[in-house]
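Enquirer: Dumping the structure here so I can ask a few things about it.
The values are calculated or read from the model by the stated rules, or taken from the named source; none is laboratory data. Everything numeric in this text was worked out from a predicted model, so none of it was measured. Please note: Cβ atoms are built from the backbone with ideal geometry, for glycine as well, and neighbour counts cover all protein chains shown. Surface areas here come from the heavy atoms of the whole protein model, side chains and all, with no ligands, DNA or RNA. Shrake-Rupley method; radii C 1.70, N 1.55, O 1.52, S 1.80 Å.
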Amino acid sequence: MPPSNLENSPGLLLRGGTVVDPSQDLNRVCDVSICGGSISAVGDGLPVEGRRVLDVSGRYVFPGLVDLHAHICWGFTDIGLVPDDVCPSTGVTAIVDAGSSSWPSQEAFRRNVAEPSRTRVFGFSNISSVGIPTAGTPELASLRFVDVDRSVTAVAGNRDLMTGIKVRQGRHLVGDNGVEPTRLAVEAAEQLGVPVMVHVGNTPCPLGGIMDLLRPGDIITHAYHGHPHGILDDHRAIWEDVIEGRSRGILMDVGHGAGSFSFDVAKAAFERGFFPDAISTDLYTVNVNGPVFDLPTTMSKMLNLGMPLTDIVESTTTIPAAAIGRTELGTLRPGASADVAVFVKEEGEFEFTDSHGERRIWPRRLACEMTLLDGEIVFDRERSARPSLDVNNGENA
Ligand SMILES: [Zn+2]
């Protein structure tokens, strides 16, 4: 992208959109004014003062989205996507890699991924030194791959980039090690004062047994996976100990992925008001052409499953930003960096597919029209040569 001179730029005025910003309890039509790369004001009838005016009436104005779980370690893993290829066109201004790298690969993550990216990049460090070179690599089959001290040292020296510890607790990934990997991940995170993100699905024990090991602010990802040991009991109600763990402050994250989101599970949970805290994609090379596609498609699934729009925005802005300790992101508060996502809610017949190959035709979808990063337009759907996002074109992974 071309260099810019933000200090001398006249700024922008986004006029007449419906501004949804949970950090300010906002959900109404008003203007957003941008100057010098930051939000300068949010309110009614803001003056032009030489700014370029963009008419966004009939559109939603959200804070730039934060995708809490994706895989972007391209070049040194098989699953990594290039952040700037997938984020600007989808309203995502900050993306978090969920454990593709670990302490031996942290410098590669910084130099090859974070530094060249225009999109804001963060990461969870895998408690296994192996990281996640391929989706199926059993990186915790041996605990010899875990070095808590080196993990702590590496993350402590890179806190601008690394925001937590990741552990994949699937039975096929941990071998005979039970929940010891999660216990070790918590031990490292406790020393660092950062959250643990636990991948669940086909875990060696029920979910409650894993949540018992976790602390407030830790994250369960793949919460609606549809495999054994999920959130639902035999009566399709939420397990009591899962409700209890969540009430202690453990966050439930979608982490859709190629194998980890079930419409049936989400429907049953949503009917009981069990909506996710965070909506993330688990986007990687195998699912970017379906069934995940991107964050707006994942948000559209939540919308059609009955999650209120304001909650969807909170789950893709304020909550994931707070989860990684970056409360300066995911907000349109004056003074914040002008990371903005302009969205439209489209009506029609749209096909969606979950990770189990279940298809649904639903009447609504959310699509990104424009993305601003530090006050600069990095995506404009109208001017884009790329075809508009179309969930009907994808094949199931
Ligand atoms: Zn993942």
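Here is a yes/no grid of residues against (1) within 16 Å of the ligand (Cβ to nearest atom); (2) surrounded by 19 or more Cβ atoms within 10 Å (Cβ to Cβ); (3) of a type in the set (D, E, K, R):
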{"residue": "Phe270", "(1), (2), (3)": "no, no, no"}
{"residue": "Ile279", "(1), (2), (3)": "yes, yes, no"}
{"residue": "Asn287", "(1), (2), (3)": "yes, yes, no"}
{"residue": "Ser300", "(1), (2), (3)": "no, yes, no"}
{"residue": "Pro308", "(1), (2), (3)": "no, no, no"}
{"residue": "Glu314", "(1), (2), (3)": "no, yes, yes"}
{"residue": "Pro320", "(1), (2), (3)": "yes, yes, no"}
{"residue": "Gly348", "(1), (2), (3)": "no, no, no"}
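Enquirer: Okay, next question. Would you list the helices (runs of 4 or more DSSP H) that sit entirely within the range 127-227 and hold 3 or more residues that are in contact with a helix residue (DSSP H, G or I) (Cβ under 9 Å, 6 or more places away or on another chain)?
Expert: So the answer is 148-156, 180-192, 207-211.
Table: residues versus (1) over 30 Å from Gly157 (Cβ atoms); (2) touching a Ser or Thr at 6+ places or on another chain (Cβ under 6 Å); (3) open to solvent by less than 10 Å² (accessible area, probe 1.4 Å).
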| site | (1), (2), (3) |
| --- | --- |
| Arg15 | yes, no, no |
| Gly50 | yes, no, no |
| Leu65 | no, yes, yes |
| Leu68 | no, yes, yes |
| Thr77 | no, yes, no |
| Val82 | no, no, no |
| Cys87 | no, yes, yes |
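Enquirer: Now for a different question. Filter the range 128-155 down to residues that are open to solvent by 60 Å² or more (accessible area, probe 1.4 Å) and under 22 Å from Ile324 (Cβ atoms) and give me whichever is farthest from the ligand (Cβ to nearest atom).
Expert: Thr153
Enquirer: Would you be able to say whether some residue in the range 89-101 is in the same structural domain as Val286 (by TED's automatic domain parsing), touching a helix residue (DSSP H, G or I) at 6+ places or on another chain (Cβ under 8 Å) and open to solvent by 20 Å² or more (accessible area, probe 1.4 Å)?
Expert: No - not one qualifying residue is present in the range 89-101.
Enquirer: Looking only at the range 62-105, how many residues end up being within 16 Å of the ligand (Cβ to nearest atom) and among the charged types (D, E, K, R)?
Expert: Adding up the residues that qualify gives 3.
Enquirer: I've got another one for you. Only one of these is more than 15 Å from the ligand (Cβ to nearest atom) and over 21 Å from the mean Cα position of the chain (by Cα): Ala114, Ala108. Name it.
Expert: Criteria check complete, one pass: Ala108.
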